[in-house]
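A quick write-up on the structure given underneath.
Computed from the coordinates by the stated procedures, all read-outs in this text should not be read as laboratory data. Worth saying up front: this structure is predicted, and the values here are computed from it rather than measured. Glycine gets a Cβ as well: all are built from the backbone with ideal geometry, and neighbour counts include every protein chain shown.
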Amino acid sequence: MSHAATQIRDWFKAACTGVSGLPTCTEGTPRQIQSNTDACFVRTTSETLEPVSVHSPAVDDRQLTVEVGLIAGTFTEADTLSVLAEEAIANKAAFPGKSFDLVGRQYEEDTETDRTYVSVTLAYVARYYVARNDVETFQ
């Protein structure tokens, strides 16, 4: 097994894989992307924990921030990729945690280098419960 956070990240990656029109999804921020190339990636950036029980084993309510990055040549192309990713994630069955919510979209444009691009980052908060002595198994 793997950490519950890894399982959630893998679920988001799987949701964005094999979607017609969406580039092959990778894990983590790409080191470098060629000019005029679309990209899709999933990364986790932070997690908050709140105890929900003190009994043995203690259980924590965790909220994991998951980002889906979409890179394209123009704002319109980035928005098109965003539609594909948002809908694929919303329609993917069997989320392993308790729930997830889209909490923001952020644009970035780079025109200062020879690799111009526009990116949209979709920020999700994924909520799940695990026992402190078993962070691989969802409660």
Note to self: Let's test this: bin the Cα-Cα distances of the chain at 5 Å from zero up to the farthest pair and state each bin's percent.
What the structure shows: 2, 10, 20, 20, 17, 12, 8, 6, 3, 2, 1, 0
Next item on the list: Take the Cβ-Cβ distance between VAL83 and GLN7 as r, set R0 to 25 Å, and report the resulting FRET efficiency rounded to the nearest 0.05.
Entry: 0.45
Checklist line | Full-stretch length increase - THR45, ASP61 - with 0.36 nm per residue and alpha-carbon distance subtracted | finding: 4.1 nm
Note to self: From the helices alone, meaning DSSP H stretches of at least four residues, give me the mean residue ellipticity at 222 nm for the chain, per-run term -39500 (n - 2.57), in deg cm²/dmol to the nearest 500.
What the structure shows: -7000 deg cm²/dmol
Check: Expressed in nm to one decimal, what extension gain is obtained for the pair SER53 and TYR129 from 0.36 nm per residue of sequence separation less their Cα-Cα distance?
Finding: 26.3 nm
Next item on the list: For segment 61-77, take each phi angle, set θ = phi - 60°, evaluate the Karplus expression 6.51 cos²θ - 1.76 cosθ + 1.60, and give the result in whole Hz per residue in order, putting x for glycine and proline.
Entry: 8, 10, 10, 9, 8, 10, 10, 10, x, 10, 10, 8, x, 9, 4, 4, 5
